[in-house]
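Novice: First, the structure itself, so that you have it in front of you.
Please treat every number below as a calculation from the coordinates, not as lab data. Keep in mind that what you see is a predicted model, and the values were worked out from it rather than measured. Reconstructed Cβ throughout: ideal geometry from the backbone, glycine too, with neighbour counts over all protein chains shown.
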Amino acid sequence: MALDDSLTIAMIGTRGVPAAYGGFETAVEEVGRRLVERGHTVTVYTRGSESREPEYLGMRVVHLPALPQKQLETLSHTGFSTLHAMVHRRPDAAFVFNAANAPFLPLLRARGIPTALHMDGLEWRRSKWGPRGKAYYRWAEQFGVRTADALIADAPGISDYYTDQFDVPTELIRYGAPILDSAPADGIRGLGLEPGAYHLVVARFEPENHVLEIVEGYRRSDARHPLVVVGTAPYSAAYTESIRDAAGDDPRIRFLGGVYDQNLLDALYFHAMTYAHGHSVGGTNPSLLRAMGAGTAVIAYDVPFNREVLAEEAWFFEDERDVAMHFSAVETDAAAVERLGARGRERARSSFRWDDVAIAYEELAQRLARGESVHATARRATRRAQEWDFGTSRPMVSTT
């Protein structure tokens, strides 16, 4: 790339880098460092990092504070980040992550900073939010549609949703998958596990992630290999208690809590017989991609998002009875486990490449810098009265 083609790009609205949390942070790190390698200047706004270094993997890191309150942490940090972007050298384009941060888009655009908003999944459907939180997310979703220069969706179902509900186009940009062809087994053996002889769940304990149904189904099954449950419940002690009650005193079920050692987490994915994925809200899920990239066969909750990502190459469940049936069957079908695991890895390797993701972000930034925007047509968009059927990723069909 010629030097004259280089852009200054800001990434706003996440915990930043180094990535130590969820999909947004991983995307910022993986995309940001590749944009730097392609000749661009990338600024990542970061909060809560143990490192205070001003640079990471070639990216400029701006450390700013946030109010230490769950409801205000993200918004306050994004507010500080927006002000910083406005008063310092104007970037050629900004990527803002999380629809909740939509209120800051008009400020960025008023400064002449073209801005794309990554909508993520359908946050207002998550049970962790109370009525006011859900109402805010629904409002922010529409406000973001009306004020962004571009909207990013990470899955076809999310893109379809915005087309149907608001009649606005989106940029379909997926996540990348880490590909694991090997992983040391020492860490899992230290936990008393053996390669290929356990089932894995990695998820926050939230109802829409169906951890309860997975645990209930596994307990009903006659599976011999243990179920290893990785995750915590940052918002719901009651839901965590219901999961532990469902497990009862079954010695086959192992709760590890949060695992923040990335090498150990990689090993857990790689050496599992199956990965049970219960996520039902959102689009392309990073934990599912990680299991696919590790070559681990998947038992997934049956929603269009998961079927599309997996290209149907998995076992699917709707309730705990399906879960019990699958766990009972997979341990006697080693050929199917191996086949689906290999197909998942190949799907991840060919269709979810971080290099492709970075190029898509680069091309979008270039178009934004040239002045392309959906704002003129989207600024009066309103939500359709017809509700969206999240089971089919299609408009709700009336039966009256």
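Novice: Show me the ranking of peptides 188-201, 98-111, 294-307 by mean Cβ neighbours inside 10 Å, starting with the highest.
Specialist: 294-307, 98-111, 188-201
Novice: Quick check on the chain: of the DSSP beta bridges with both residues there, what percent are antiparallel, nearest 5%?
Specialist: So the antiparallel bridges amount to about 10 percent of the total.
Novice: Can you list residues whose amide H is under 5 Å from Met59's amide H, if they're 5+ apart or on another chain and H is modeled 1.01 Å from N?
Specialist: none
Novice: So how do Asp120, Asp355 line up by other beta-carbon neighbours within 10 Å, fewest first?
Specialist: Ranking Asp120, Asp355 by Cβ neighbours within 10 Å, fewest first, gives Asp355, Asp120.
Novice: Still on this structure: Would you work out if the chain is rounded, prolate or oblate? Take a ≥ b ≥ c from the square roots of the eigenvalues of the alpha-carbon gyration tensor; rounded if a/c is under 1.5, else prolate when a/b is larger than b/c, oblate otherwise. Before the final figure, lay out each step's value.
Specialist: Numbers: a/c = 1.81, a/b = 1.51, b/c = 1.20.
Judged from the Cα gyration tensor, the chain comes out prolate (a/c at least 1.5, a/b above b/c).
Novice: Enumerate the calculated ³J(HN,Hα) couplings along segment 43-55 in order (Karplus 6.51 cos²θ - 1.76 cosθ + 1.60, θ = phi - 60°), each rounded to whole Hz, writing x wherever the residue is Gly or Pro.
Specialist: Per-residue couplings from phi come out as 10, 10, 8, 10, 9, x, 6, 5, 7, 10, 5, x, 9 Hz.
Novice: How big is the shadow of the Cα convex hull of segment 98-191, averaged over all directions, in nm²?
Specialist: Mean projected area for segment 98-191: 9.5 nm², to one decimal.
Novice: In a Debye calculation with equal point scatterers on the alpha-carbon sites of segment 186-351 and no solvent, what is log10 I(q)/I(0) at q = 0.19 Å⁻¹?
Specialist: -1.28
Novice: Let me ask something else about it. Considering amide H positions built from the backbone, and no H for Pro or chain starts, which residues 5 or more places from Phe205, or on another chain, come under 5 Å of its amide H?
Specialist: Result for Phe205 returns Thr232, Ala233.
Novice: Based on alpha-carbon centroids, what's the gap between segment 286-360 and segment 47-116 in Å, whole number please?
Specialist: About 34 Å separates the Cα centre of segment 286-360 from the one of segment 47-116.
Novice: If you plug each phi of segment 65-76 into the Karplus form 6.51 cos²θ - 1.76 cosθ + 1.60 with θ = phi - 60°, what whole-Hz ³J(HN,Hα) values come out, in order, with x for Gly and Pro?
Specialist: Values, residue by residue: x, 8, 5, x, 9, 3, 6, 10, 4, 5, 5, 5 Hz.
Novice: Still on this model: State, as an integer percentage, the relative contact order of the chain based on alpha-carbon contacts under 8 Å between residues 6 or more apart.
Specialist: It comes to 17 percent, rounded to a whole number.
Novice: Rg and Dmax of segment 1-117 over Cα atoms: what are they, in angstrom?
Specialist: In Å, with Rg to one decimal and Dmax whole: 13.3, 45.
Novice: Could you tell me the relative contact order of segment 186-351? Use alpha-carbon pairs under 8 Å, at least six residues apart, and round to a whole percent. Kindly include the intermediate steps, with their values, before the conclusion.
Specialist: Working: 293 pairs, mean separation 43.6, N = 166.
Rounded, it is 26 percent for segment 186-351.
Novice: Explain nothing, just the number: relative contact order of segment 207-305, from Cα pairs under 8 Å at least 6 residues apart, as a whole percent.
Specialist: Relative contact order, segment 207-305: 30 percent.
Novice: What is the fewest-to-most order of Tyr161, Tyr239 by other Cβ atoms lying within 10 Å of their Cβ? Don't jump to the answer; show the numbers that get you there.
Specialist: Working: Tyr161 23, Tyr239 19.
In increasing order of surrounding Cβ atoms, one gets Tyr239, Tyr161.
Novice: Sequence-distant or interchain residues sharing an amide H contact under 5 Å with Val168, placed H: which?
Specialist: Under 5 Å from the amide H of Val168 lie the amide H atoms of Thr163, each far enough along the sequence or on another chain.
Novice: Modelling each spin label as a point 7 Å along the Cα-to-Cβ direction, I'd like the Leu191/Asp333 distance in nm, to one decimal.
Specialist: Distance between the two pseudo-spin positions: 2.5 nm.
Novice: Using a ≥ b ≥ c from the Cα gyration tensor of segment 269-340 (square roots of the eigenvalues), is it rounded, prolate or oblate, where a/c under 1.5 gives rounded and otherwise the larger of a/b and b/c decides, a/b for prolate?
Specialist: Verdict is oblate for segment 269-340.
Novice: Now for a different question. In the chain, which longest range has no GluC sites (Glu not before Pro) that are both DSSP loop (not H, G, I, E or B) and surrounded by at most 14 other Cβ atoms within 10 Å? The partial results should precede the final answer.
Specialist: Numbers: sites that count: Glu50, Glu312, Glu318, Glu372, Glu387.
The longest such stretch corresponds to 51-311.
Novice: At Leu64 and Arg349, where each label point lies 7 Å from the Cα along Cα→Cβ, what is the point-to-point distance in nanometres?
Specialist: If labels sit at Leu64 and Arg349, their model points lie 4.2 nm apart.
Novice: Fewest to most neighbouring Cβ within 10 Å: what's the order for Leu180, Leu67?
Specialist: Leu67, Leu180
Novice: Something else: Could you give me the ³J(HN,Hα) list for segment 286-297, computed from phi with Karplus coefficients 6.51, -1.76, 1.60 and θ = phi - 60°, whole Hz, x at Gly and Pro?
Specialist: x, 5, 5, 4, 5, 5, 4, x, 7, x, 9, 4
Novice: If you don't mind, another one. Please identify every one of the chymotrypsin sites (Phe, Trp or Tyr not before Pro) in segment 11-69 that sits in a loop by DSSP and has no more than 13 other beta carbons within 10 Å of its own beta carbon.
Specialist: Filter output for segment 11-69: Tyr21.
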